[in-house]
1. Among all lysine pairs in the range 24-112 that are eight or more places apart or on different chains, how many have alpha carbons less than 15 angstrom apart?
2. So how much slack lies between Q67 and S36, counting 0.36 nm per residue of separation and subtracting their Cα-Cα distance, in nm?
3. About its Cα centre, how strong a charge dipole does the range 24-112 have in debye, to the nearest 20, once Lys and Arg get +1 and Asp and Glu get -1 at the Cβ?
4. What is the sum of charges, Lys and Arg at +1 and Asp and Glu at -1, for the other residues whose Cβ falls under 11 Å from the Cβ of G104?
5. Going highest first, how would you order 33-41, 99-107 by mean Cβ packing within 10 Å?
6. Provide Rg and Dmax in Å for the range 24-112, with only Cα atoms included in the calculation.
Amino acid sequence: MRTLHTFTRLAVFAAVIAVLPGRDAAATYVCTVQKSPDGFVALREKPSEDGELITKAQPGDAIVIQQNSNGDWIEDGKWVSVFHYPGEVVPEESDPEYNKGKTGWMHRSFVSDCG
């Protein structure tokens with residue numbers, strides 16, 4: 001049974017890879033907000049502690065790293081531009097719940113578990 005499950009997962013993965021466009025397609029990096037001493041991580045309107053607070057992201061919340069046209073992360077020093085969604089899974093853009101998300105800057109040290 002385990003072998004069948006593994007085979008099924010591999011087949012689905014192969015099917016997804018087969019329909020993806022060539023090398024110039026950028027990967028989407030969905031990451032997780034990490035714990036901080038404050039109990040939250042600030043999402044700011046600019047890449048600085050002086051930036052206005054947009055929201056307080058909770059550990060475990062999902063974030064999507066924003067990328068430029070080359071597929072590189074949009075970063076400024078130790079800050080990275082992210083789309084934050086309050087929860088563990090970011091809904092599709094067509095889902096009305098997607099509008100609960102916010103785009104801003106987060107300190108890089110609180111971003112990990114990207115995949």
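1. Close lysine pairs found across the range 24-112: 6.
2. This chain segment gains 8.7 nm when fully extended.
3. Computed about the Cα centre, the dipole is about 300 debye.
4. +1
5. Packing order, densest peptide first, comes out as 99-107, 33-41.
6. Using the Cα atoms of the range 24-112, the pair Rg, Dmax is 12.5, 39 Å.
Values in this text are rule-based calculations from the coordinates and carry no lab data. This one's a predicted model, so the numbers in the text were calculated from it and none came from an experiment. Cβ: placed from backbone, ideal geometry, glycine included. Neighbour counts: every protein chain shown.
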